[in-house]
Amino acid sequence: MRKLIVGLVAACFLVGCDEQPKGGSGAMALSANQEKQNVLSIGIDGWSFVGPSEVPSGWTTVRINNDSGMIHHALVYRLPEGVTDVMMADLVIEPVQKSLTARLEGDVEKANQLLGSIPEWFADIVYVGGPGMMSDGIVGEATMYLEPGDYIVECYVKTNGMQHNYNPEPGMHGMVLPVEVTSDDGGMAEPNANVTLAISTDGFEIVDGAFKAGTNSVRVNFVEQQLYNGLVGLDAHVFRVDPDTNVADAVRWVNPFSNTGQETPGPAHYVGGIHDMPQGANGYFKVDLEEGDYGIVAEVPGAFENGLFTIVSVTAD
């Protein structure tokens with residue numbers, strides 16, 4: 001997606017920096033502008049997202065308060081021109097769920113046929129990030145630059161083999177929130193970060209700063225991107241490594257293509273992250289960490305075996 005941060009420097013040349021009123025009012029205006037937020041705040045009610053139907057464009061924070069009692073995440077994507085949320089529910093989410101059910105029943109041929117029915121326009125969806133895996137009690141927060149258009153915020157974690165984005169009642173949604181990003185500028189500046197994480201097909205690399213105990217603002221550079229099975233790509237989900245955590249299980253659980261992948265309850269305490277973004281894009285996520293070890297994993301098949309997983313150690317300053 002695109003980047004932004006200009007105005008204040010340009011304004012200084014236009015009006016003259018030495019013409020600001022004495023007494024600090026210019027500094028106060030600058031501070032207010034820097035702190036302006038553009039937040040899409042979403043709650044959870046059962047298996048439904050609850051939140052506004054629109055948000056201004058530009059740098060946008062998607063914030064999810066997960067008080068639901070189970071793990072969720074929130075993939076954000078822009079719909080192709082002319083495609084609606086109802087079309088997504090009927091022509092993509094439903095066949096994906098039925099394919100999953102067929103696979104769980106051992107009918108691989110039927111599962112593949114159902115996936116083959118997904119319309120060609122699905123390839124034109126643009127994944128733009130969103131909060132990563134959040135265990136109960138976590139507030140997930142991801143910030144991305146959003147262009148005007150029609151978007152969906154979606155969770156496809158599974159419970160008893162049913163994805164949370166699916167609702168078997170005709171004409172209804174599961175955890176699928178349609179959102180219009182309007183042409184109004186939200187006025188939010190690009191966030192700062194204390195650590196920068198690069199993602200490529202080779203894995204994760206901390207290229208600047210370091211994770212710390214407390215609140216972290218993490219810049220994520222999507223150096224490369226690759227779709228797996230035509231559905232998901234490289235992203236970053238963070239989990240805490242407790243004494244009883246089976247790290248291999250925690251990594252493999254994030255793979256949505258496994259029969260037991262993303263099936264609640266999860267094997268670890270997931271604390272946030274950021275979903276897929278296009279190659280060359282960057283986004284941000286916030287995560288509160290205690291001292292200890294944390295795993296970072298991509299939501300793809302074979303992450304543990306293929307290096308799309310790393311462990312970072314967090315210490316107090």
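Loop-located GluC sites (Glu not before Pro) in the stretch 98-151 (DSSP state other than H, G, I, E, B) with a sparse environment of at most 16 neighbouring Cβ atoms within 10 Å: E105. Would you mind checking K158/K212; K212/K286; K36/K286 for any pair whose Cα atoms are more than 22 angstrom apart? Over 22 Å apart, Cα to Cα: K158/K212.
Please compute the volume of the convex hull spanned by the alpha-carbon atoms of the stretch 212-317 and report it per residue in Å³. Before the final figure, lay out the partial values.
Working: hull volume 10.5 nm³, N = 106.
Spread over its residues, the Cα hull of the stretch 212-317 gives 99 Å³ apiece.
When both the stretch 239-293 and the stretch 147-207 are represented by their alpha-carbon centers, they are found 15 Å apart. For the stretch 228-240, 3J(HN,Hα) computed residue by residue from phi via the Karplus equation (6.51, -1.76, 1.60; θ = phi - 60°) reads 10, 6, x, 10, 10, x, 5, 7, 9, 10, 10, 9, 7 Hz, glycine and proline entered as x. Under Stokes-Einstein, with the Kirkwood radius over Cα pairs as Rh, the value for the chain at 10 °C and 1.306 mPa s is 78 µm²/s. For a straight C-alpha distance cut-off of 19 angstrom, the aspartates and glutamates reachable from K98 (same-chain residues fewer than eight places away being disregarded) are D85, D90, D107, E109, E120, E154, E169, E263. Extension gain for D293 to E180 (0.36 nm times residue separation, less C-alpha to C-alpha distance): 36.8 nm. Put K158, K212, K286 in order of accessible area, highest first, and with a 1.4 Å probe you get K286, K212, K158. Note on the chain: antiparallel DSSP beta bridges, both residues inside, total approximately 80 percent of the bridges counted. For the stretch 114-220, the alpha-carbon radius of gyration amounts to 1.34 times the rule-of-thumb value 2.2 N^0.38 Å expected for a compact globular protein.
If you sort W121, W59, W47 by accessible surface, 1.4 Å probe, largest first, the order is W47, W121, W59.
For the stretch 164-317, which whole-number percentage of the solvent-accessible area (1.4 Å probe, protein heavy atoms only) is attributable to carbon and sulfur atoms? Before the final figure, lay out each step's value.
Values: 2930 of 6450 Å².
Percent of accessible area from carbon and sulfur atoms in the stretch 164-317: 45.
When DSSP beta bridges are restricted to pairs lying wholly in the stretch 182-268, around 60% turn out antiparallel. Protein-only accessible surface at a 1.4 angstrom probe places the residues H73, H269 in the order H269, H73, largest first. For M188, the residues whose modelled amide H falls within less than 5 Å of its own, excluding neighbours fewer than 5 places apart on the same chain, are W59.
What's the extension gain from T201 to Q37 if we count 0.36 nm per residue and subtract their Cα-Cα distance?
Working: separation 164, 0.36 × 164 = 59.04 nm, distance 3.27 nm.
Result: 55.8 nm gained on full extension.
The values are calculated or read from the model by the stated rules, or taken from the named source; none is laboratory data. Keep in mind it's a predicted model, so treat the numbers as computed, not measured. Because the Cβ atoms are built from the backbone with ideal geometry, glycine has one as well, and the counts that use them run over all protein chains shown. Surface areas here come from the heavy atoms of the whole protein model, side chains and all, with no ligands, DNA or RNA. Shrake-Rupley method; radii C 1.70, N 1.55, O 1.52, S 1.80 Å.
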